[in-house]
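What follows is a set of notes on a single structure, which appears directly below.
The values are calculated or read from the model by the stated rules, or taken from the named source; none is laboratory data. Remember, predicted model here, so these are calculated numbers, not experimental data. Reconstructed Cβ throughout: ideal geometry from the backbone, glycine too, with neighbour counts over all protein chains shown.
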Amino acid sequence: MAGGQERILRRRISSIDATKKITRAMELIAASRIVKAQGRVRSAKPYSEKVTDVIANLAGGGAGVDHPLLTQADQVNRVAYVVIAADRGLCGGYNNNVLRAVERAIAADQAQGRQYVLVLSGKKAAGYFSFRGYEVHAAYEGFSDQPNYSDAKTMAESVAELFESGDVQQVRLAYTRFLSMGSQEVTVDQFMPLEASEIGADASENTAGGGYEFEPEPAEILSRLLPRYVEARLYAALLEGSASEHAARQRAMKAATDNAEDLKTNLTRIMNRARQETITTEIMEIVSGSEAMSDDGDHDLDDAITQSLEGSLAALVSDRSDA
Amino acid sequence: MQVEFVSPEAVLFSGECSQVVTRTVDGDIAFLNNHAAFIGALDIGQAQLWATDGVISLAINGGFVEVSGNAVTILSDGAMAAGDIDLSEAESDLTVAEEALSSDADDVDAANAKKWAETRIQVAASS
């Protein structure tokens, strides 16, 4: 009946209210984490910039460019994808965007007869690819929120091993770049071998690289430095990914909170209408009942019934206005 | 001269120093003002920075140093300030590394671990 509907609506409203509180809290948490994550992105910059500088100076100082990390393969048969996604969901399209981009890239590679190897960061990435029957080489999780340098180091080591063993001829890095609070962009970049232009090795002829003293030989320093560069780059990608994750989560949770608010307003309106309908129906029943009685001409009985009905009507109305 | 000590996660020190002593893979090296341009790979060892308000000691687990234009930049992904060193941890690491070395004298990882533990103990003791 109508009263039952009102109770159901009331229950739905209170459950939406509870959900709204949760999404609101998640929105606020994500907002505060973006600021922290952005700070981490910024404080990681000096190191990677300096490492890049030193590499450029070394290349200018005559370090041979025959390091495996700098040698482009003649033919690429296998491509490793390093995918950076999140451990948790509820962050809008953040995970799906990067995972789909990788899936598309893999499909394009397969069309050219290349095989793939997957190295994943984030529980969602591992779930996505293993569910779809992809072969996963390595999956890391537990740090997508707040990646540390040591996490990047562990990942970089396993990727470098794949590359240096010759198992894969190219490594690509898929992550979400944090452009601003409102815009993040999925990129799938070449990660290994390093491109000479990227580390400034080709522009270094113009710099004063020749004036340096080296200890030990430039080539040896370079071979120690390149792995650090790879780690720093992966670390930067992890940090950008985490900033993007928080930004995406904040947006998704803001939308959810707004939706809950709208839903609550609508349902409250429907509930009020239902309540008024119930009251109207009940009054109509009472009035029509009492009129039917008055037609009999038995006025004593009629008066007694009317009185008792009016009493219960008053009780009903005051009861409803409490609600 | 201007000195910057940079780790992947933060700039650990940035300021004016009169002298910097550190250890490259070929041996100890000191930089004074206006040192010639230099790039070196750092070994596991101690770095000392003569800052305006005293000498700062750090334990370095490998890294790089670049000197150019009267500025010294030390890059290290494993550096600890004297105050951050856990002496008991360093000592237990030393014991573990020595045991590993006694069974296999050619174990490079254990040799490095031993060096790193000794450096930390030395830096912690010097402060």
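Side notes on the structure shown:
- Filter pass, A:Arg10 being within 14 Å of chain B (Cβ to nearest Cβ) and either buried (at least 16 other Cβ atoms within 10 Å of the Cβ) or of a type in the set (D, E, K, R) (or both): no
- If you go through region A:134-169 and pick out every residue that is assigned to a loop (DSSP other than H, G, I, E, B) and either under 22 Å from the mean Cα position of the chain (by Cα) or among the β-branched types (Val, Ile, Thr) (or both), you end up with 10.
- Taken over region A:70-119, residues that are out of contact with any helix residue (DSSP H, G or I) (no Cβ under 6 Å at 6 or more places or on another chain), over 24 Å from A:Gln184 (Cα atoms) and without any contact (Cβ under 8 Å) to a residue 40 or more places away in the chain amount to 8.
- Some residue of region B:8-17 being of a type in the set (Val, Ile, Thr) and farther than 30 Å from A:Arg40 by Cα: no
- If the condition is being modelled with pLDDT of 80 or more, more than 14 Å from chain B (Cβ to nearest Cβ) and part of a loop (DSSP other than H, G, I, E, B), then region A:174-217 contributes A:Met181, A:Gly182, A:Pro193, A:Leu194.
- In summary, strands (runs of 3 or more DSSP E) completely within region B:29-116 and bearing 1 or more residues that are in contact with a Lys or Arg (Cβ under 9 Å, 6 or more places away or on another chain), over 19 Å from B:Gly15 (Cα atoms) and within 11 Å of chain A (Cβ to nearest Cβ) occur at B:38-51, B:54-68.
- Among the residues making up region B:1-30, those that are surrounded by fewer than 20 Cβ atoms within 10 Å (Cβ to Cβ) and hydrophobic (A, V, I, L, M, F, W, C) are B:Met1, B:Ala10, B:Val11, B:Leu12, B:Phe13, B:Val21, B:Val25, B:Ile29, B:Ala30.
- Scanning region B:4-28 for residues that are more than 10 Å from chain A (Cβ to nearest Cβ) and more than 14 Å from the chain's Cα centre (by Cα) yields B:Gly15, B:Glu16, B:Cys17, B:Ser18, B:Gln19.
- Test: A:Glu285 is more than 30 Å from A:Arg40 (Cβ to Cβ), in contact (Cβ under 8 Å) with a residue 24 or more places away in the chain and charged (D, E, K, R): no
- Residue in region A:25-48 that is facing another protein chain (nearest Cβ under 10 Å) and either β-branched (Val, Ile, Thr) or outside any helix (DSSP H, G or I) (or both) present: no
- Per-region count, region B:1-42, residues of a type outside the set (Phe, Trp, Tyr) and touching a residue at least 40 places away in the same chain (Cβ under 8 Å): 12
- Restricting region A:153-178 to residues that are hydrophobic (A, V, I, L, M, F, W, C) and in contact with an Asp or Glu (Cβ under 6 Å, 6 or more places away or on another chain), the residue that is surrounded by the fewest Cβ atoms within 10 Å (Cβ to Cβ): A:Leu173
- Top-ranked residue of region B:38-84 - restricted to ones that are aromatic (Phe, Trp, Tyr) and surrounded by fewer than 19 Cβ atoms within 10 Å (Cβ to Cβ), ranked as farthest from the chain's Cα centre (by Cα): B:Phe38
A quick yes/no check of all residues on (1) touching a residue at least 24 places away in the same chain (Cβ under 8 Å); (2) of a type outside the set (Asp, Glu); (3) out of contact with any helix residue (DSSP H, G or I) (no Cβ under 7 Å at 6 or more places or on another chain):
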| site | (1), (2), (3) |
| --- | --- |
| A:Glu6 | yes, no, no |
| A:Arg10 | yes, yes, no |
| A:Ile13 | yes, yes, no |
| A:Lys20 | yes, yes, no |
| A:Ile34 | yes, yes, no |
| A:Arg42 | no, yes, yes |
| A:Tyr47 | yes, yes, no |
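- Some residue of region B:101-111 being surrounded by 15 or more Cβ atoms within 10 Å (Cβ to Cβ), β-branched (Val, Ile, Thr) and not assigned by TED's automatic domain parsing to the domain that holds B:Leu12: no
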